[in-house]
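Novice: Here it is, the structure in full.
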Amino acid sequence: MTDAALFHADRLAGYELAPADAPAVQRLYEATPSYFRIALGEEPGPDAARETFGRMPPPDMPFTRKRVIGLREAADELVAVADVIEDLLAPCVWHVGLFLVPERLHVTGTALRAYNALAAGRRASGARGLRLGVVRGNGRAERFWRGGGY
């Protein structure tokens, strides 16, 4: 993780994560097993986080940059992680292909605060839009994003 935050909002700071941060991301993945069961039919494998850093869009989908963004409160563990592709298929749009919050925080308002922080970071970067990838059948995620106007 870089030392400098990309953005701050609502007591959260967003940091660009690096492959060296895979253990922290893996802990968050393991704290969110229901997502992986819905999306993949199984719990996250031991290399799930490492694979996130290497996964890129297909070559025929232009983009500017991929970032794995971790959100933290102070120096605490990650409270959310987002896999963001900047300018995917359209300039000034962030595509969020993965947005996870540990299950123990699902009913605390943390997901909404993390999303709002991510959206503030997007606006601060100059991007005007946000596009999502949501796994069909993930009722909790579908309700969350619909509640946010998607």
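Novice: Can you pull out the residues in the range 86-108 that are polar (S, T, N, Q) and closer than 15 Å to Asn138 by Cα?
Specialist: None; the set is empty.
Novice: Answer yes if at least one residue in the range 26-33 is acidic (Asp, Glu), closer than 19 Å to Ala141 by Cα and modelled with pLDDT of 95 or more, and no otherwise.
Specialist: Looking through the range 26-33, at least one residue is acidic (Asp, Glu), closer than 19 Å to Ala141 by Cα and modelled with pLDDT of 95 or more.
Novice: Please give the number of the condition Leu89 fails out of (1) within 13 Å of the chain's Cα centre (by Cα); (2) of a type in the set (A, V, I, L, M); (3) at positive phi.
Specialist: Evaluating Leu89 over (1) within 13 Å of the chain's Cα centre (by Cα); (2) of a type in the set (A, V, I, L, M); (3) at positive phi leaves (1) as the failure.
Novice: Let me ask another. Can you list residue pairs whose Cβ atoms sit under 7 Å apart, with the first residue in the range 97-108 being among the charged types (D, E, K, R) and the second being outside any helix (DSSP H, G or I)? Count only pairs 6 or more apart in sequence or on different chains.
Specialist: Glu103/Ala31; Glu103/Thr32; Arg104/Ala31
Novice: So if I check each of Leu118, Leu88, Leu130, which one is at pLDDT below 95, open to solvent by less than 50 Å² (accessible area, probe 1.4 Å) and under 15 Å from Tyr15 (Cα atoms)?
Specialist: None of the other options fit; the residue is Leu118.
Novice: Moving on. Could you check how many residues of the range 102-115 are surrounded by fewer than 16 Cβ atoms within 10 Å (Cβ to Cβ) and part of a loop (DSSP other than H, G, I, E, B)?
Specialist: Qualifying residue count for the region: 4.
Novice: Is it fair to say Phe99 is outside any strand (DSSP E or B) and open to solvent by less than 70 Å² (accessible area, probe 1.4 Å)?
Specialist: The answer is no for Phe99.
Novice: Checking the conditions here, which among Arg72, Arg128, Arg122 is touching a Gly at 6+ places or on another chain (Cβ under 9 Å), more than 20 Å from Glu30 (Cα to Cα), touching a residue at least 24 places away in the same chain (Cβ under 8 Å) and of a type outside the set (Gly, Ala, Ser)?
Specialist: Going through Arg72, Arg128, Arg122 in turn, the sole match is Arg122.
Novice: Is it true that Ala124 is among the small types (Gly, Ala, Ser) and loosely packed, with under 15 Cβ neighbours inside 10 Å?
Specialist: Yes.
Novice: Let me ask another. If I go through the range 69-111 residue by residue, how many of them are in contact with a strand residue (DSSP E or B) (Cβ under 8 Å, 6 or more places away or on another chain) and charged (D, E, K, R)?
Specialist: 5
Novice: Can you name the residue in the range 34-61 that is surrounded by 14 or more Cβ atoms within 10 Å (Cβ to Cβ) and hydroxyl-bearing (Ser, Thr, Tyr) and, of all such residues, is modelled with the lowest pLDDT?
Specialist: Restricting to residues being surrounded by 14 or more Cβ atoms within 10 Å (Cβ to Cβ) and hydroxyl-bearing (Ser, Thr, Tyr), the top hit is Tyr35.
The values are calculated or read from the model by the stated rules, or taken from the named source; none is laboratory data. It should be emphasised that the depicted structure is a prediction, and the values quoted were computed from it without experimental measurement. Cβ coordinates were reconstructed from backbone atoms using ideal geometry, including for glycine residues, and neighbour counts include every protein chain displayed. Side chains are part of the model used for accessible areas, which takes the heavy atoms of the whole protein and leaves out ligands, DNA and RNA. Shrake-Rupley method; radii C 1.70, N 1.55, O 1.52, S 1.80 Å.
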